[in-house]
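Readers should treat all values here as calculations from the given coordinates under stated rules, not as data from a laboratory. Treat the numbers as computed from the prediction; the structure is a model and nothing was measured. Here the Cβ positions follow ideal geometry from the backbone for every residue, glycine too, while neighbour counts run over all protein chains shown.
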Amino acid sequence: MSKTITIDPVTRIEGHAKITLQLDDQGEVSEAYFHVTQFRGFEKFCVGRPYYEMPYLMERICGICPVSHLLASAKACDALLAMKVPRAAGKLRRILNLAQLIQSHSLSFFYLSSPDFLLGMDADPKDRNLFGVMRKNPELGRGGIRLRQFGQQVIETLAGKRIHPAWVVPGGVNEPLGVEKRDKILAQIPEVIAIAQKALAWFKIEFENFREEIRTFANFPSLFMGLVTVDERAGYYEGKIRFTDSLGNIVADKLEAADYQEYLGEAVEPFTFMKFPYYMPLGYPDGMYRVGPLARLNLVDNCGTPLAQQEWVEFRALERNAVHSSFHYHYARLIEILFALEHIEEYLLDPIITQSHARYSASLNNLEGVGCCEAPRGTLIHHYRVDEQGLITWANLIIATGHNNLAMNRGILQAARHFVRSEKLTEGMLNRVEAVIRAFDPCLSCSTHADGHMPLWIRLVSPEGKLLDEIRRKP
Amino acid sequence: MKRLLVLACGNSLRGDDGVALHIASCLRNGLCDPETQIHSDQQWAPELAEPISQADLVIFLDASANVVPGEIACQLLRPASNLPASFTHQTSPASLLALAGELFGAQPRRAYLLTIGGDSFDLVEGLSEPVRQAIPQAIERIKALLSGVD
């Protein structure tokens, strides 16, 4: 008799979800489903609004990564105006994007996931939180807080506020960077680089204790996708789309993000509001691919900044070809923090960064525009159509977490098959299934454009559909 | 000199939820000692633990759905003994006090949570009449707390 397990809510993720595990007659997990049951409809309610409102409407999708939506949306508006932005503005936008990557990755790694690494997957959930981390390793806790604080301070220094800033505008940014503000950021960089390096040194030892999780947390061959620049670096703000396979071979390269509909399909499933993007030439679901930190480090042969490059070389030596285990999203996040800190310093040291001309203006020149950048969780695409008056007639957003949907579902199945061994769920079992999702750092409010009130729920269901056991968690 | 910190929290797009931000703006514009640090945020997050640890007195300022519209409530805060499992979006004032002590080894001598009862938390900008009327009294109360009179 088959059974179903439900985990509800999934904890320590951005947003809320539930998981259903289907057991077969032998009591083995046969299917796993990651349900996102919330819906907001940003693509619908923006219809009729003027295009220049879009960056500020769209960044309200999320309180963690609003800058990504702000940038992708502003880039889509740049395309509607058929314009490039001033060089200084382009660099300032890049700094803003990297600052957000730092604060978001710090939240994911230190606040949400480090309790698992430091206290163990089987630790009492009462202790398995940031407070527990502070008690066991206060230096790590302080470092995580400082890194997130730095990312937020850079956003505030450039854009005026930490969450939902309105500084990025179609055509550039609405205020240049002064020397005093530049120097204030620069002065902090050596300290935060040292923190990132310490965290990396700690984690490279610590993850050796998680061999079983590394082996079973969404560890399978897949495609990887992301933006790559002309000089073959991961392109966080600009570049063209590249797909590589699990052997590291380039499957498709130099694809225009604006042509995404030619190579990305979006499937829907009845059990979730989150769509399932796939690489169209391989069909659904064989066209599964992963995006985000792991993908970005797998796509390129050069990280691009001195300290991060050293770490990247070690990272890529984990496996002969691409790094397959999604557990290593965590490791990749730390390397990206280091890269972002070094890269921000490079941009700030460029004399052009304080140039006063930071915005061009133009009238509407196109009726359709696509904007793309790398959000902390992966490639983000905003696509708008407008009428002659510049009012939005149609919008489509493809969100980083959505790209990973197929891989997350398959990853849950892999981990559940390994860890769920009976009809009765244990806390450690539950936490490991959740931790697979946590490794991807999904942002469900973004990916469903939904309002984030869904808790995690794991259900154990028999082949006949009878509910055998369930665990619910309040968010 | 005493280090004073006011932490206002709210969302100005949700009606009366923005009252703390409004009061913070008034305080910033000359209604309190310029040395007083004033932060306005949409949520209280662990990053505030560091400035809290460096302050002698902290006032957390927020709207409340649990008291009569326009009513001002003020409570002395103690550090939380337990923290929630997740810190994704917001941390309670008591948790922040605890974090300040755990992480940075110091806590303010006194911390208060001052709330103003809200009438409407709908998707509107602007404050309801009872809340607007309560603002001068709330500011006076904050000034008294900051000066150590209250």
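The table below lists the values:
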item	result
Where GluC sites (Glu not before Pro) in DSSP loops with at most 13 other Cβ within 10 Å are excluded, longest remaining stretch of chain B	B:36-124
Along principal axes, Cα extents of the protein assembly as shown, largest first, whole Å	70, 60, 47
Efficiency of FRET from Cβ geometry, B:Glu129 and B:His39, R₀ 30 Å, rounded to 0.05	0.60
Relative contact order (percent, whole number), chain A, Cα cutoff 8 Å, 6+ residue spacing	33 percent
Stretch in chain A that is longest and holds no GluC sites (Glu not before Pro) that DSSP places in a loop and that have at most 15 other beta carbons within 10 Å	A:29-231
Amide proton proximity set for B:Ile59, modelled H, under 5 Å, gap of 5+	B:Leu5, B:Val6, B:Leu7, B:Tyr112
Sum of side-chain charges, B:Pro130 neighbourhood, beta-carbon under 12 Å (Lys, Arg +1; Asp, Glu -1)	-3
22 Å tail of the calculated P(r), segment B:4-147, as % of Cα pairs	35 percent
Cα lying deepest toward the dipole's positive end in segment B:4-147, options B:Val19, B:Leu57, B:Gly117, charges on Cβ	B:Leu57
Directionally averaged shadow of segment A:271-392, computed from the convex hull of its alpha-carbon atoms, nm²	12.0 nm²
Amide H contacts of A:Met288 (H built 1.01 Å from N, under 5 Å, at least 5 apart or other chain)	A:Tyr279
Ranking of B:Ser53, A:Ser356, A:Ser326, A:Ser222 by count of other Cβ atoms within 10 Å, fewest first	A:Ser356, B:Ser53, A:Ser222, A:Ser326
Simple label model, 7 Å out from Cα along Cβ direction - A:Lys240 to A:Ile352, nm	2.1 nm
Estimated distance in nm for a label pair at A:Ser361 and B:Ser147, the labels positioned 7 Å out from Cα along Cα-to-Cβ	4.8 nm
Relative contact order of chain B, pairs being alpha-carbon contacts under 8 Å that are 6 or more residues apart, as %	32 percent
Calculated FRET efficiency for the pair A:Phe45/B:Val68, C-beta based, R₀ 35 Å, to 0.05	0.55
Spin-label pair A:Asn302/A:Val251, simplified geometry with 7 Å Cα→Cβ offset, distance in nm	2.6 nm
Contact order relative to length of segment A:317-407, as percent, for alpha carbon pairs under 8 angstrom and 6 or more apart	16 percent
